Each structure stands twice: as structure tokens, then as C-alpha cells.
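Each reported figure results from applying straightforward, stated rules to the coordinates on display, with no laboratory input. None of the values given here were measured: they were computed from a predicted structure. Here the Cβ is made from the backbone with ideal geometry for all residues, glycine too, and neighbour counts use every protein chain on show.
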Amino acid sequence: MSEHKLGSEMRPLRVAIIGSGPSGFYAAGALQNAEIKASIDMYDRLPTPFGLVRGGVAPDHQKIKNVTRKYEKIASDSCFRFFGNVCLGQDVQVCDLQAHYDHIIYAVGNESDRKMGVEGENLQGVFSATEFVGWYNGHPDFRDRKFNLSEASRVAVVGNGNVAMDVARVIARAPSELASTDIAAHALSELTASAVKEVLLLGRRGPAQAAFSPSEIKEIGNLESADLVIPEDIMNLDDVTTNWLENYASRDALKNVAYLKQKATEGEGNNERKITCHFLASPTSFEGENGRVTAIKLVANELYADERGTPRPRATETTWLEPVDLVFKAIGYRGVEIPGVPYHKEWGTIPNIDGRVTEYENEKTIPGQYVVGWAKRGPTGLIGTNKADSESTVRAMLEDISGQTVDASDTKSPEAALKMLQNYGIDVVTLDDWHRLDQDEIQRGESVGKIREKYTCIDEMMAAIRRLRN
Ligand code: NAP
């Protein structure tokens, strides 16, 4: 019986990538650049590709979205197919994929959010940043959220990372500056009617430990529509921080402190709208009336150095209430469990060793299953961070197939995989379908002076795709 080398022209490595965000595309690109032949099918549960670049990157950060041009180039390879509108765990199962592919790469990101675990977290008006970001970006999962910004005067954003910056900035920015972007139409109209006068930015540690990038806090500081207000006592850094800044801090931390100190000298400014930073403050509960949030109870923290010298927050006895109409928790994303795929219950990731998926219980590697991106390492890093991370998982895949051969009678093929999806009655969105929808969205945008008017509902996307096919 004849055999073919796995990854050869005669028998390309058949790979299913689940998820079409940055980490999935970087994995596809790494396979294309490898010295093997791979035939790649990229699946997404949505009809549209690009994951967080479409559904997460803020509409006023269009330059970042240009990275999709690189992904389109990867997608244009003749051995690459996009299969949108196919949900793993619902429309197809892991065993279906195993029948048609040698390797599965999970590039599913983190679709949910961390919980704070404090009282009142379920009150109306307390949202995760995930919901708000998805809503303004027209993600179908979140298009129906109601934030009632027109009835809110004071909102709190919990967290000091770049997602908190995005949320605060989009709320504080003049809607006219968002009007020509690809922001969802429903979000633009709600933001235009917004009555928000103050955004409280709550960091549980000090200004030196804030997770935001220097460029992101500066962008907020430069907004024309709002003033960034920094407490004057920022000048008096505690001893733990001073020591940490001198010995351990990153360049970003030093830049942030220098910027915030300078900003603190500028006072409150003349804008009606303020973004007020509160450092060393943790929510201990959300207070409400008639089921709706009305205030946050905060505790003042002090910092102590842990065994590695890292400043950590510790609650003091000082507490106070801040009246608020809305809360956005921007304290980090978290992966969701997919039926049939191992799940790390504590971390919300897919358990793995160097990208090779393992059982959760016993860390035993599962052959043929790999993971990249936030699903692999948790919700950290910028879009570009995923490139090296995906390349390292692909290196593990290549090591694993080294010297492997496949019987020539093996039935895994691109045709058989497509046939399986058709047999299940799935209306698969192809790359051509996406390109037609893409052009349609751009044309819809042109007619209203925007760079794109997104479809925000899967049924509408599919109806448009079916219309455009004819
Ligand atoms: P992040 O950078 O990890 O920030 C999370 C923030 O939440 C930190 O300030 C953290 O404080 C705080 N936090 C965590 N648990 C908390 C709790 N129980 N109570 C109060 N505060 C709590 O996460 P992210 O903002 O979600 O961003 C995720 C990744 O995407 C990051 O790498 C980010 O840089 C990236 N991103 C980049 C951009 C951009 O470049 N424009 C935009 C969005 C996101 P501690 O530091 O004390 O833990």
C-alpha cells in the first residue's frame, strides 16, 4: 500500500482553524510560510471574518484596522478557504473536524468577561466592557443592548487597561468625530443623545501600575470634547511605588507617571465633560434602587510589595459612595467553554503546553489539537503579539508531523469537508461571499458619509449575502 508524506504536495496537511481573528490569521500565515504544503479551512461562527479587529478595535482607531489587508492577503492563497456562519459545538462537532482534518487550531479568543464577584454586579446598568465594545462595533451578539446614555450623567469605568481607555474615550468623544467611522448606526445615535457629563476611571492600583499604554492615556488627555482630570495628590507617590519605579518599572510605566504628573498641573479644564481618574480605589459593591445601579461603594487601597516586589493593592478601612448611573467593568476578558474542547475552568483558556492542547484534568496532550491567541495564553497583548505566539504553535505542529506519512487511501480532502457542511444543511459563507458583503457595507457607508455601514444582525447579513450571490 503506498504512503504519502504528510505536508507534501501529494498529501497537504489538512488544517481547520477555528476563529478568524488575528491569531487565526497569523497561524494561517505561518503555515503558508512553512516548508510544508498545508490546505487550510478557517471557520467562524459569524458570517464575517477578522474577530476583534472588526468587533473589538474602536471605531476611532481605523489605522489599527488596516491590518485586515494583511489577513486578506493570507486569505487569497489558493489553499485557503473561509467558512463563515459555522459554529463549532453547534453546527459541527470536534469529531466532524477530526474526520476531515489532520490538525485543528483553536483561535477562538476570549468571548466573555471576568466577573468582579461583588454584590450588586447583576443590577441593571452594570455592564461589562465586552458588551459595550461589541455594541458600538455592531457585533451581532450585543446589538440589542440598551445603555440609555441619554439618561445617564455620571458613569464609572472599572479598570485601567486599554479596554477601559477605549470605553471612556468613545463615551467622552464628540459624536461628530465618530460619525464618519464604521461605528454601528445604533451606537452613533445613542452617543449623539448622550447626557454623560463625567466618566470616572477607577484603577485599583496607582498611576504607575496602570495597564494603559502611554499613547492611549495621551489620546484621552488630548480629547477636545472632554478634560482628563488627574488628582493633585498623584505627585505624592507612596514608598512602594517610588522603589518600584526606581528598580523595576517598565518604560511605559515611567512614561505614564511623567504624563499624568504633568497633566495634574493643568487643573480641571473648561469642558463640560470630564474624565476623572481615581487611583487606588476598588469597588466593594454596586448599590441600587428598584433593581438599577445608583452608586458604587469604593474602598481606598494601599500598596504593598509582594515577594517579587510587585506592588499589589490592599484595602484600607476608608470607604465611600460615588453616585453613578452606569458602570462598565473593563477588568479583562475570559474565554467561553466550547462543547468537546478542553477548558481551563479557573483561567477561561484552552489548556495547553506550548500551544499543544491538553486534557484539563491531567495535562495529557491531545494529538492533532492546537491553540493560539487569547484562548492559549489569556487576554493579554496587542494584535501584533499574536504573530509570534501563533508562529510558535505552528512550530509545534510542524515538529509533530515531522516524518509522518499517510496511507494513500486516506479520505481527508477539501471536497469531503465541504460536502460534510453541505450535508448538514449549513449555508457556508465563503470568501467570495464575504467580499461581496464587504463591498456592500462600504457602499452603504458611502451613502451616509461613513467609511462603512456594518450589518449588525446575522439574519440581515445572511439575507444580504444571499441577495448578493444572485
Ligand atoms: P488589561 O490590560 O489586563 O487591564 C485590566 C485592568 O483591570 C487592569 O487595570 C487591572 O488592574 C484591572 N482589574 C482586574 N481585575 C480587577 C478587579 N477585580 N477590580 C478592579 N480592577 C481590576 O486588560 P484589557 O484592558 O481588557 O486589555 C486586554 C488586552 O488588549 C491588553 O493587552 C490591552 O493592551 C489590549 N488592548 C489594546 C488596545 C489598544 O492598543 N488600543 C485596545 C484594547 C485592548 P491590575 O493591573 O491591578 O490587575
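Side notes on the structure shown:
- Those residues of the stretch 225-242 which are outside any loop (DSSP other than H, G, I, E, B) and either in contact with a helix residue (DSSP H, G or I) (Cβ under 7 Å, 6 or more places away or on another chain) or more than 16 Å from residue 312 (Cα to Cα) (or both), in sequence order: 227, 228, 229, 232, 233, 234, 235, 241
- Any hit, the stretch 386-402, residues being under 30 Å from residue 10 (Cβ atoms) and not in a helix (DSSP H, G or I): yes
- Subset of the stretch 87-109 [buried (at least 22 other Cβ atoms within 10 Å of the Cβ) and part of a loop (DSSP other than H, G, I, E, B)]: 102, 107, 108, 109
- Boolean, residue 388 is in contact with a Leu (Cβ under 7 Å, 6 or more places away or on another chain) and either within 16 Å of the ligand (Cβ to nearest atom) or more than 19 Å from residue 108 (Cα to Cα) (or both): no
- Just one of the listed residues (324, 299, 341) is within 16 Å of the ligand (Cβ to nearest atom) and either in contact with a Gly (Cβ under 8 Å, 6 or more places away or on another chain) or under 20 Å from residue 128 (Cβ atoms) (or both), and it is 324.
- Leading residue by the ranking (nearest to the ligand (Cβ to nearest atom)) among those in the stretch 265-281 that are touching a Gly at 6+ places or on another chain (Cβ under 9 Å) and over 17 Å from residue 199 (Cβ atoms): 280
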